[in-house]
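Accompanying notes for the structure given below.
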């Protein structure tokens, strides 16, 4: 698509405007990729939505979707984002969570070095889901007292990480060495 000056002032309006300019009968991978590129050019990497999210918006506007193509493109797009994403993340225990936090920190730094805002957003979404799961576990009557206490602790870790990512490794060292933590979890052994 030739470079042009878009009238849209926000991302949603730009998506619709680009779609209308494409003047296509249906929307699939090519159209979604073109729209993503225009959004990226106008608003930056961090503004780029998933193909599925763009397709939903366009469907609400009356676009006919080539569903298999949209799903395949969305899957491919997400797989590219997840490249290098720590697959072994586990927040089911303190030891597993400590190891997972180290993996997340490595992945976060790589994402920053690559200036990949979308990967950072993906990481924040993943951790928000993990925190919600931990909240459920910490208040569930089917969880043991130990599981509830660990879940609350791990949620605190995620909260601190979200607020102070660069300081988190040092904070965690201080936290697990504190008398309060040792009283709560006297058998905690951090794997290296």
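To the nearest ten degrees, helix 29-43 and the longest principal axis of the Cα atoms of the chain are 70 degrees apart. Full extension of the segment from residue 56 to residue 110, taken as 0.36 nm per residue of separation minus the current Cα-Cα distance, would add 16.3 nm. A crude spin-label estimate for the pair residue 12 and residue 143, with each label 7 Å from Cα along the Cβ direction, gives 3.5 nm.
By definition, a body whose alpha carbon gyration tensor gives a ≥ b ≥ c is oblate when a/c is 1.5 or more and a/b is not larger than b/c, and segment 11-81 fits this oblate description. Only one item in [x] 8, 32, 37, 19, 4, 0; [y] 9, 32, 31, 18, 8, 2, 0; [z] 8, 29, 25, 19, 13, 6, 1 matches P(r) over Cα pairs in 10 Å bins from 0, in percent derived from the coordinates shown, and that item is [z]. When 162, 137 are sorted by how many other C-beta atoms sit within 10 angstrom of their C-beta, beginning with the fewest, the order is 162, 137. By the gyration tensor of its Cα atoms, with a ≥ b ≥ c the square roots of the eigenvalues, what is the shape of segment 94-184: rounded for a/c under 1.5, prolate for a/b over b/c, or oblate? Cα axes put segment 94-184 in the oblate bin. A Gaussian network model of the chain, with springs between Cα atoms under 10 Å, assigns the largest mean-square fluctuation among 132, 52, 97 to 132. With neighbours defined as other Cβ atoms within 10 Å of a residue's Cβ, the residues 139, 12 order from fewest to most as 139, 12.
Ordering 113, 33, 153 from the fewest to the most neighbouring beta carbons within 10 Å gives 113, 33, 153. A straight chain from residue 40 to residue 174 at 0.36 nm per residue would run longer than the Cα-Cα distance by 44.2 nm. Any chance you could give the angle, 0 to 90 degrees and rounded to 10, that helix 117-139 forms with the longest Cα principal axis of the chain? For helix 117-139, the angle is close to 50 degrees. Between 0 and 90 degrees, the angle of helix 145-163 with respect to the longest Cα principal axis of the chain falls at about 50 degrees.
Computed from the coordinates by the stated procedures, all read-outs in this text should not be read as laboratory data. Not measured: the values here are computed from a predicted model. Glycine gets a Cβ as well: all are built from the backbone with ideal geometry, and neighbour counts include every protein chain shown.
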